[in-house]
Amino acid sequence: MATPKPILLSVDDDPQVLRAIRRDLRDHYADDYRVLSASSGEEALELLTELKRRGDNVALLLSDQRMPEMDGTHFLREARRVYPQAKRILLTAYSDIDAAVQAINEVGLDYYLTKPWDPPAEKLYPVLDDHLADWQESYRPELRGIRVLGYRNDPRSHEIKDFLAGNQVPYSYVDVVATPETAREVLATAEITAPEYPLCVLEDGRVLLQPELRALAEALGMHTDATHDLYDVAIVGGGPAGLAAAVYGGSEGLKTVLIERHAPGGQAGTSSRIENYLGFPAGISGADLSRRAMTQVQRFGVELLAPKEVTAIVPEETTRRIEFSDGSTLRTRAVVITTGVAYRALPAAGAERFSGAGVYYGAATTEAQGCTDQHVAVVGGGNSAGQGAVYLSRFAKKVRIYIRKPDLRSSMSSYLIDQIAGIDNIEVCGYREIKEVVGEERLEALVIERLDTDVPRDCYKEPTDAVFVFIGAHPHTDWLDATLTRDPRGFLLTGTELKARADYGKRWKRDREPFLLETDLPGVFAAGDVRAGAMNRVASAVGEGSMAIKFVHEYLAEV
């Protein structure tokens, strides 16, 4: 039996306008969606209640603002209770823009359109296409997509979920302990008699038992081997800087390859909501931003290799040879390193034992649903920690943020501090440090030390089900050994910073000075958080990744 199409619902009290919007929606979306309409907010809410009862999916709500008895903002607020995941778009007159902007905060409005929307091909469809694509990322029709069966506190199960989520592959997770009946149904349907967990059931019926990530990637049709002998530029790392470099490299006609060891997006890709990135007044999730960027990357013909781990860059006469952990190589004329940074390990006794099994690094969006009604901890005071805490608060019973400083003001953006202050189940615990992670089969509690007293080892135990770590950062540069010059913390030195080194003259043998983002190996550039002196913001990483391609062009003109 075919799955019913998701629904687009338009609401307007003006019959002529309602007919026009219904016509335009059907003209463009009838193949993939059912288009329904209502002439008032009250009628629309009754319809939504009935659709919910029948188990139908509503993808998008498009409502006029000025309607008698119940205006558009009021309707969308009530509709959000019934279908919280549906995209909410307000149709306004120019004079109602203030109300629309206010609705962004009041009802989580995704967008507003002003009347008239003609021509729809320019003013309506691109907006709706974008939001529907975003909705599709989290839309899970029953019994479709990849099914992952595993255990709640199993590191391998977490690794697979994190990989699929990072690569934006739709999947549903079945905990074989918490939902044994569902697990038995999946096993029976897939005819699995000897399960080895974790396991994946693909949409075509294939079963992968305890798969390695490379095997899973190949089964999903992801590319892990280069298709060309020589590239103009190879970008190592798929975070915001790498994605931006790939877009500009591909769009400017360079034969470009993007190499990512895990999943595109980097740390930013795991952020539940980025609210200070230019052009997105309602905020944007890291996953959505990464998806949009990857669409651009693919549009410009950039080749993506993932998961693929680089182990060395070897200089040749006119090219650079990139070596991989699987023994393969590729040759490129220029390289842009955008490997970013990783969260530091939690320096507490027992933390390593529970890594991936109660102690998670930047994985709030992956593990949040498993924390429903639980007590969780967030360690760190930066924006990533704040975004993770806000997201986890939607599921967990209690979220505690542990920081060594007295409060968040010195390390977190004020908009996030204000959000956290308004969420009842988040508690900021200043002057605290986690000393030990304890438990038997699973994480059970944290031993917390108070730093605001004169009593040595003033500790107490806090029952905790999971801890999410967002502390500090160390760059992904260990694989480079002594190939490129780094600062004492491991960040790559570029441009004028190289000239301050005592060994500059021994290492740099070109007549010109290094370009702004160039390392001391000509033709190898660094951009984003991996570079010494970087700003550690998504916008600056995107800017540096884009700028790196300018210097790649200048370098290629020399050789």
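A few comments on the model shown:
- Screening R321 against (1) more than 25 Å from the chain's Cα centre (by Cα); (2) without any contact (Cβ under 8 Å) to a residue 12 or more places away in the chain; (3) farther than 27 Å from V247 by Cβ leaves a single unmet condition, (3).
- Just one of the listed residues (S37, S10) is polar (S, T, N, Q) and either assigned to a loop (DSSP other than H, G, I, E, B) or open to solvent by less than 10 Å² (accessible area, probe 1.4 Å) (or both), and it is S10.
- Failed item, numbered, when R489 is tested on (1) surrounded by fewer than 19 Cβ atoms within 10 Å (Cβ to Cβ); (2) in contact with a Leu (Cβ under 9 Å, 6 or more places away or on another chain); (3) charged (D, E, K, R): (2)
- Of the criteria (1) closer than 22 Å to L25 by Cα; (2) touching a strand residue (DSSP E or B) at 6+ places or on another chain (Cβ under 9 Å), which one D118 fails: (2)
- Residues that are surrounded by fewer than 23 Cβ atoms within 10 Å (Cβ to Cβ) and outside any helix (DSSP H, G or I) were ranked within the stretch 41-59; the one that is modelled with the highest pLDDT is N57.
- Total residues in the stretch 184-203, condition under 28 Å from the mean Cα position of the chain (by Cα) and at pLDDT 90 or above: 6
- Filtered residue count, the stretch 535-559, keeping only those that are at pLDDT below 95 and either open to solvent by less than 20 Å² (accessible area, probe 1.4 Å) or closer than 23 Å to T319 by Cβ (or both): 2
- Count of residues meeting criterion [under 33 Å from the mean Cα position of the chain (by Cα) and among the small types (G, A, S)] in the stretch 6-43: 2
- Verdict on V257 being aliphatic (A, V, I, L, M), modelled with pLDDT of 95 or more and either open to solvent by less than 10 Å² (accessible area, probe 1.4 Å) or within 27 Å of I89 (Cβ to Cβ) (or both): yes
- The strands (runs of 3 or more DSSP E) found entirely in the stretch 311-422 that carry 2 or more residues being open to solvent by 30 Å² or more (accessible area, probe 1.4 Å) are 320-324, 329-337, 398-402.
- Whichever residue in the stretch 296-307 is assigned to a loop (DSSP other than H, G, I, E, B) and open to solvent by 10 Å² or more (accessible area, probe 1.4 Å) and, among such residues, is nearest to T256 (Cα to Cα): V302
- Looking only at the stretch 100-128, and only at residues there that are open to solvent by 40 Å² or more (accessible area, probe 1.4 Å) and in a helix (DSSP H, G or I), the one that is nearest to Y83 (Cα to Cα): E106
- Residues that are in a helix (DSSP H, G or I), in contact (Cβ under 8 Å) with a residue 24 or more places away in the chain and farther than 16 Å from T114 by Cβ, drawn from the stretch 64-99: H74, F75, L76, R77, E78, A79, R80, V82
- Residues in the stretch 446-460 include none that are under 26 Å from the mean Cα position of the chain (by Cα), open to solvent by less than 10 Å² (accessible area, probe 1.4 Å) and in contact (Cβ under 8 Å) with a residue 12 or more places away in the chain.
- Count of residues meeting criterion [open to solvent by 30 Å² or more (accessible area, probe 1.4 Å) and over 20 Å from S138 (Cα atoms)] in the stretch 76-98: 7
The values are calculated or read from the model by the stated rules, or taken from the named source; none is laboratory data. In this text the structure is predicted, and so the values were computed from the model without any measurement. Heads up, the Cβs are rebuilt from the backbone with ideal geometry, glycines too, and the neighbour counts pull from every protein chain shown. For accessibility, only protein heavy atoms count, side chains too; no ligands or nucleic acids. Shrake-Rupley method; radii C 1.70, N 1.55, O 1.52, S 1.80 Å.
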